[in-house]
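Trainee: Sending over a structure as structure tokens; questions will come in a sec.
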Amino acid sequence: MYKILAVDDREIFLTELKRLKLWDENCEFKIVNTASNGKEALELLCKNSYDLVLTDIRMPVVDGLQLLREIQKDKLCQCVVILSEYSEFNYARQGIVLGAFDYIVKPATEETMIELLKRIKIFLDNIGNKENKVYKDYLIKYNSEWAYPIADEKQIIKNLIGKEDKAIKLFSVTTENIYKVLSNNIIEADIITKKMYHNIIAGIYDNFNWLKDYIDIEFFETIDYINDESSNDFIQFYCRKITYLLNFLKKFYLETSDELIKSICEYILMNHNSDVKLKVIAGKFYINNTYLSNCFATKTGTRFNNYVTMVKIERARYLLINTKLKTYEIGYQLGYHDINYFSKLFKRYYGENPSEYRISLKGGDYQIWVAWN
């Protein structure tokens, strides 16, 4: 049985939802708890396990979008569906971008709920399946003539892996086409675009295993602070995220056709906590120290020692943002036993010493900060 938590500040809607005839003994879903606002819902989610959350948008204390953000951030439930009225259309769109599975217009009808629960069951049964092709089929339910842009998605991933700027243009054009084809179903276009974006980010993380050590994937997965309403604004929001990823890859996965240098860069990125001094790496790859130093600079335009320092400082930034480790602990982890030297190095790259940097981030949201820097 799949357990449902229903959230709405108006009891009449919860009552009408529970009175639907579909909740018979043959139904695999059951509303096991209800809440009158997002705060109550979060308290229940922290104590119990649910397969599905049905939530209203406009509620006191904590509204539906805030609830969705918290659920996504702390992974409190695999599936969230937004309940909205026609007047809340733009809020519903934000819910989709923030990660909601779908939205339904209140009051929910028997037919709508049955169709929704069928798709949710398929989705829940296929969680863990990376392809989850059945879920992609769900994305095109409204328009049988529309094909999910899988070819464009794969090409965008390929372009990003190759650090090609045309990846951004292709993503923009593809999403614009999605909104044109589904102009009579904007929410559906939002869902497809979000899914394509998700697959692109996941594809890059699968290809570059070291990336998770420098950028928490939640930066890309948790979309927040969206107040835009037009389709173009949504597209530009995703493009800014993908552009940040592209620029990051260009900076750390250095441009070179030399396979040996590529392998060395990957080794350093994956072994940031190890001793990756020039002599050690030269021995690891059975080459002369001087040759490696000269070859690295010639092939990449960056000095070997500068590259190693850049990688280690970027890893330090990740640890400052995502852990509670103290500055000296981070320094030690990365091989810097002189805390003053480590702090000076960090300041050279980010304009503040590690302690100041961490404090400055507490005053704002990391995701916003990164997106604009």
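The values are calculated or read from the model by the stated rules, or taken from the named source; none is laboratory data. Because the structure is a prediction, the values reported are computed rather than measured. We place every Cβ from the backbone using ideal geometry, glycine too, and count neighbours over all the protein chains shown. These area figures cover heavy atoms from the full protein model, side chains too; ligands, DNA and RNA do not enter into them. Shrake-Rupley method; radii C 1.70, N 1.55, O 1.52, S 1.80 Å.
Trainee: Has the stretch 77-88 got at least one residue that is modelled with pLDDT of 85 or more, aromatic (Phe, Trp, Tyr), surrounded by fewer than 23 Cβ atoms within 10 Å (Cβ to Cβ) and closer than 22 Å to Ile186 by Cα? Lay out the reasoning, then the answer.
Mentor: Filtering the stretch 77-88 down to residues modelled with pLDDT of 85 or more leaves 77-83.
Adding the requirement that they be aromatic (Phe, Trp, Tyr) leaves none.
So far as the stretch 77-88 goes, no, none of its residues is modelled with pLDDT of 85 or more, aromatic (Phe, Trp, Tyr), surrounded by fewer than 23 Cβ atoms within 10 Å (Cβ to Cβ) and closer than 22 Å to Ile186 by Cα.
Trainee: In the stretch 295-350, which helices (runs of 4 or more DSSP H) lie fully inside it and hold 2 or more residues that are among the polar types (S, T, N, Q) and farther than 27 Å from Ser263 by Cα?
Mentor: 339-350
Trainee: I need the full set of residues from the stretch 169-180 which are within 22 Å of Gly95 (Cβ to Cβ) and free of Cβ contacts under 8 Å to residues at least 40 places away in the same chain, in order please.
Mentor: Hit for the stretch 169-180 is Ile178, nothing else.
Trainee: Just one of (1) open to solvent by less than 20 Å² (accessible area, probe 1.4 Å); (2) within 20 Å of the chain's Cα centre (by Cα); (3) touching a residue at least 12 places away in the same chain (Cβ under 8 Å) trips up Lys195, so point out which.
Mentor: Checking Lys195 against (1) open to solvent by less than 20 Å² (accessible area, probe 1.4 Å); (2) within 20 Å of the chain's Cα centre (by Cα); (3) touching a residue at least 12 places away in the same chain (Cβ under 8 Å), the one that fails is (1).
Trainee: Follow-up question, since we're still on this one. Could you check the stretch 105-120 and list, in sequence order, the residues that are touching a strand residue (DSSP E or B) at 6+ places or on another chain (Cβ under 8 Å) and either over 17 Å from Glu85 (Cα atoms) or open to solvent by less than 30 Å² (accessible area, probe 1.4 Å) (or both)?
Mentor: Across the stretch 105-120, the qualifying residues are Lys106, Ala108, Met113, Leu116, Leu117, Arg119, Ile120.
Trainee: With the requirement that a residue be part of a strand (DSSP E or B) and out of contact with any Phe, Trp or Tyr (no Cβ under 9 Å at 6 or more places or on another chain), what does the stretch 104-122 give you?
Mentor: Step one: of the stretch 104-122, the residues part of a strand (DSSP E or B) are 104-105.
Residue satisfying the conditions is Ile104 alone.
Trainee: OK, next. With the requirement that a residue be of a type in the set (Gly, Ala, Ser) and touching a Phe, Trp or Tyr at 6+ places or on another chain (Cβ under 8 Å), what does the stretch 157-199 give you?
Mentor: Ala189
Trainee: Go through the stretch 242-288 and report how many residues are over 16 Å from Lys163 (Cβ atoms) and aromatic (Phe, Trp, Tyr).
Mentor: Result for the stretch 242-288: 3.
Trainee: Let me ask another. Can you tell me which residues in the stretch 159-168 are touching a residue at least 24 places away in the same chain (Cβ under 8 Å) and of a type outside the set (Gly, Ala, Ser)?
Mentor: So the first thing to find is which residues in the stretch 159-168 are touching a residue at least 24 places away in the same chain (Cβ under 8 Å), and the list is 160-161, 163, 165, 167-168.
Once the filter is applied, which keeps residues that are touching a residue at least 24 places away in the same chain (Cβ under 8 Å) and of a type outside the set (Gly, Ala, Ser), the stretch 159-168 yields Leu160, Ile161, Lys163, Asp165, Ile168.
Trainee: Quick check on the stretch 241-256. Is at least one of its residues on the phi < 0 side of the Ramachandran plot, over 21 Å from the mean Cα position of the chain (by Cα) and part of a helix (DSSP H, G or I)?
Mentor: The answer is no; no qualifying residue exists.
Trainee: Sticking with this one: Scan (1) over 25 Å from Arg358 (Cβ atoms); (2) of a type in the set (A, V, I, L, M, F, W, C); (3) at pLDDT below 95 for the single condition Phe304 breaks and write down its number.
Mentor: (3)
Trainee: Under the condition of being in a loop (DSSP other than H, G, I, E, B) and aliphatic (A, V, I, L, M), which residue from the stretch 273-294 is most open to solvent (accessible area, probe 1.4 Å)?
Mentor: So, considering only residues that are in a loop (DSSP other than H, G, I, E, B) and aliphatic (A, V, I, L, M), the one most open to solvent (accessible area, probe 1.4 Å) is Ile287.
Trainee: For the stretch 259-272, does any single residue satisfy the condition of being open to solvent by 80 Å² or more (accessible area, probe 1.4 Å) and modelled with pLDDT under 95?
Mentor: Yes, the conditions are met somewhere in the stretch 259-272.
Trainee: Moving on to the next point. If I go through the stretch 130-176 residue by residue, how many of them are modelled with pLDDT of 60 or more and not aliphatic (A, V, I, L, M)?
Mentor: Matching residues across the stretch 130-176 total 19.
Table: residues versus (1) open to solvent by 50 Å² or more (accessible area, probe 1.4 Å); (2) farther than 27 Å from Lys75 by Cα.
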| site | (1), (2) |
| --- | --- |
| Ile201 | no, no |
| Tyr205 | no, no |
| Asn247 | yes, yes |
| Ala297 | no, yes |
| Val308 | no, yes |
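Trainee: Can you say whether Thr309 is of a type in the set (S, T, N, Q), at pLDDT below 95 and closer than 22 Å to Lys212 by Cβ, as far as the supplied structure shows?
Mentor: On the way: of a type in the set (S, T, N, Q): yes; at pLDDT below 95: no; closer than 22 Å to Lys212 by Cβ: yes.
In short, no.
Trainee: Is one or more of the residues making up the stretch 85-92 of a type in the set (D, E, K, R) and in a loop (DSSP other than H, G, I, E, B)?
Mentor: Taking every residue of the stretch 85-92 in turn, at least one turns out to be of a type in the set (D, E, K, R) and in a loop (DSSP other than H, G, I, E, B).
Trainee: Surrounded by 15 or more Cβ atoms within 10 Å (Cβ to Cβ) and among the charged types (D, E, K, R), is that true of Lys312? Give the derivation first.
Mentor: Working: surrounded by 15 or more Cβ atoms within 10 Å (Cβ to Cβ): yes; among the charged types (D, E, K, R): yes.
Here the answer is yes, as Lys312 does meet what is asked.
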